[in-house]
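Right, one structure below, let's go through it.
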Amino acid sequence: MGLLEIQRLSLCFGGIVALDKVDMTVQKGELHAVIGPNGAGKTSLFNCLCGIYRPTGGDILLDGKSIAALKPHHIGKLGVARTFQNIELFAQMTVIDNLLLGRHLHMHSGPFSGALFFGKALEEELDNRRKVEEIIDFLEIEKVRKKPVGTLPYGIRKRVELGRALAMDPRILLLDEPVAGMNLEETEDIARFVLDIQEEMGTTIIMVEHDMGVVMDIADRITVLDFGVKIAEGSPVEIQRNPRVILAYLGEEQ
Amino acid sequence: MRSKTFRESYREDIKVFQTLWVKLWLTTFVAFLLSVPLWADPYVIYMINLAGVSVIAAMGLNILTGFTGQISLGHSAFVALGAYTSAILATRLGLPFWLCIPAGGGVAAFFGILLGFPCLRLKGLYLAMATMSFGVVIEYTVTHWESMTMGVRGISMPKASLLGISLGDDARFFYVILAFVLLLTLAAKNLVRTRVGRAFVAIRDRDIAAEVIGVNLTQYKVISFAISSFYGGVAGGLYSYYMGYLHPENFTILLSIEYIAMIIIGGMGSILGAIFGGIFLTVIPDVIKAFAELLGQHLPFLQGRYDEEWNIATFGALIMLFLIVEPTGLNGIWGRIKTCFKNWPFTY
């Protein structure tokens with residue numbers, strides 16, 4: 001059994017079926033890509049996985065336990081972190097503060113010890129700052145660490161958001177279009193970071209991405225969605241040859 | 001001239017008062033404040049005391065509205081709750097003032113939590129309406145629950161005293177208010193730069209992302225309501241002791257709007273902003289009055305026309321002006337002045 005099991009997952013908004021009985025298994029340590037044309041339900045799937053949407057049918061099992069009905073912050077506690085398609089950083093805070101927020105679950109000081117800022121609360125701030133600086137080093141964003149995120153260029157923001165997710169020390173990392181809108185160089189940087197995360201930190205990664213070059217290069221397995229239905233799953237080579245996938249992407253030959 | 005500071009550890013990096021200069025400057029300023037009752041005019045002391053109370057209340061509102069992004073138009077209700085709790089405990093049970101003021105804060109915080117829960121799912125305009133209604137309910141209650149609050153007859157407060165020393169006169173109560181202001185400012189500053197404060201800002205900026213990274217929205221919104229109303233309650237308690245007389249008319253919705261004006265003009269989401277705003281809006285009515293009298297001397301048709309409505313109109317105009325021209329408030333202006341001096345004589 002995989003680390004994450006998605007079983008016959010369905011999601012409806014009124015009459016619109018966003019996900020229709022999707023099955024998917026993600027093994028531990030795997031880099032699993034989810035692809036499909038626009039509106040296929042990829043982001044909806046992510047929103048179900050991290051608790052923003054509650055699925056209307058089916059189940060999601062993490063380590064064999066259902067997480068489908070949990071709230072987002074509970075799922076975060078179980079080790080699921082994500083990035084968003086349209087960057088969802090806290091724009092007015094600095095890079096450091098954004099990453100420290102990623103450490104929120106690993107810190108414990110409450111309002112009283114925070115207000116005193118002495119002893120344990122202080123130690124905790126410093127320990128987590130060290131951890132955050134490791135991530136800053138890893139992602140090569142040292143130069144902007146004190147800048148408010150809102151002032152940073154798009155490519156760097158994407159990186160900061162990845163950093164915030166990493167700060168959670170996740171077991172499963174959900175990346176929603178990590179290289180969207182990037183040039184070749186930036187894309188290669190991100191791809192390299194993603195592979196490093198998978199290999200060095202042993203994190204399981206699920207990635208939604210439109211850039212087929214990146215997906216085919218780095219993914220271990222690929223799931224293809226179309227109109228909320230899973231139409232294929234397999235290794236990159238298998239997916240490239242799958243007639244249903246070609247049909248969904250390119251349409252039928254006249 | 002100092003341009004950049006080189007820091008050697010993370011401990012140094014997160015200090016509030018970074019350099020020796022800042023510490024020296026601040027110590028001098030506090031020493032100066034401590035000396036104020038010795039030489040200042042009673043009117044100046046009176047204004048500073050009132051400003052101190054406003055600063056505490058505005059800081060509370062800024063934690064809720066400025067940092068957590070939950071608009072509250074009912075902050076006067078918490079000030080009223082604190083004021084009346086202190087007054088009732090002091091007059092009926094004869095409790096000493098150092099117990100009554102925290103108790104006022106505690107009761108206000110309790111009601112803040114009660115209000116926080118139903119308001120969890122409300123945002124923006126709807127939240128403003130809900131909190132405003134709460135303010136109206138509290139105002140109505142203190143006016144009409146005569147057996148408890150004496151209604152429109154008001155409550156006369158006993159003089160505060162500590163260890164047998166009377167703190168009744170303005171100059172002595174100045175130190176009480178100053179102590180509360182310093183303590184609560186420090187607590188607020190620490191709060192907003194640690195875990196809980198960061199979670200507040202996260203909720204303000206992106207609540208969905210905040211939840212995904214593990215911030216429990218319910219818990220933190222309620223904590224924010226509680227802290228904010230605690231500050232309001234303490235301000236109310238201080239106010240009741242300082243003025244010596246409580247009347248429901250002191251706690252209308254206009255007071256809530258005044259607090260909103262304080263944090264907008266001072267600077268949303270900044271501790272210093274609440275201080276600037278609290279002082280500024282306490283002083284401005286007297287400035288307007290003086291200005292009106294000056295105008296009256298030269299323009300006969302304005303002679304003696306000044307009344308309280310002028311203040312309200314000015315608050316409104318100031319809110320608009322700041323929202324359009326300087327959304328970061330006085331705090332933003334202060335920041336620019338500082339940067340300008342820091343970089344002098346270079347332009348950037």
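Worth a mention:
Results for (1) out of contact with any strand residue (DSSP E or B) (no Cβ under 9 Å at 6 or more places or on another chain); (2) in contact (Cβ under 8 Å) with a residue 24 or more places away in the chain; (3) at the interface with chain B (Cβ under 9 Å from one of its Cβ atoms), shown as yes or no for each residue.
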| site | (1), (2), (3) |
| --- | --- |
| A:Gly102 | no, yes, yes |
| A:Ser113 | yes, no, yes |
| A:Glu123 | yes, no, no |
| A:Asn128 | yes, yes, yes |
| A:Val132 | yes, yes, no |
| A:Ile136 | yes, yes, no |
| A:Thr151 | yes, no, no |
| A:Leu166 | no, yes, no |
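- Taking (1) within 30 Å of A:Val17 (Cα to Cα); (2) within 7 Å of another protein chain (Cβ to nearest Cβ); (3) free of Cβ contacts under 8 Å to residues at least 24 places away in the same chain in turn, A:Lys77 satisfies each apart from (3).
- Scoring B:Gly197 on the criteria (1) open to solvent by 20 Å² or more (accessible area, probe 1.4 Å); (2) out of contact with any Asp or Glu (no Cβ under 6 Å at 6 or more places or on another chain) leaves a single failure, condition (1).
- Residue among A:Gly181, A:Gly155 that alone is farther than 17 Å from B:Arg193 by Cβ, part of a helix (DSSP H, G or I) and either of a type outside the set (Lys, Arg) or open to solvent by less than 10 Å² (accessible area, probe 1.4 Å) (or both): A:Gly155
- A:Ile87 falls short on exactly one of the conditions (1) more than 10 Å from every other protein chain (Cβ to nearest Cβ); (2) open to solvent by 10 Å² or more (accessible area, probe 1.4 Å), and that condition is (1).
- Taken as a whole, the condition of being modelled with pLDDT under 80, on the phi < 0 side of the Ramachandran plot, within 30 Å of the chain's Cα centre (by Cα) and not β-branched (Val, Ile, Thr) does not apply to B:Tyr348.
- So B:Ile155, is it surrounded by 19 or more Cβ atoms within 10 Å (Cβ to Cβ), over 30 Å from A:Met93 (Cα atoms) and either within 14 Å of chain A (Cβ to nearest Cβ) or at pLDDT below 90 (or both): yes
Results for (1) farther than 30 Å from B:Trp145 by Cβ; (2) basic (Lys, Arg); (3) open to solvent by less than 50 Å² (accessible area, probe 1.4 Å), shown as yes or no for each residue.
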residue	(1), (2), (3)
B:Ser240	no, no, yes
B:Asn250	no, no, no
B:Gly267	yes, no, yes
B:Glu293	yes, no, no
B:Leu330	yes, no, yes
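- Looking only at residues of segment A:52-65 that are within 25 Å of A:Gly14 (Cβ to Cβ) and either open to solvent by 40 Å² or more (accessible area, probe 1.4 Å) or small (Gly, Ala, Ser) (or both), we find that the one that is nearest to the other protein chains (Cβ to nearest Cβ) is A:Ile52.
- Boolean, B:Gly60 is open to solvent by less than 10 Å² (accessible area, probe 1.4 Å) and more than 19 Å from B:Ala187 (Cβ to Cβ): no
The values are calculated or read from the model by the stated rules, or taken from the named source; none is laboratory data. Computed from a predicted model, the values in this text were never measured in an experiment. Every residue, glycine among them, receives a Cβ derived from its backbone with ideal geometry; neighbour counts consider all protein chains shown. Surface accessibility is based on the protein's heavy atoms, side chains included, excluding ligands, DNA and RNA. Shrake-Rupley method; radii C 1.70, N 1.55, O 1.52, S 1.80 Å.
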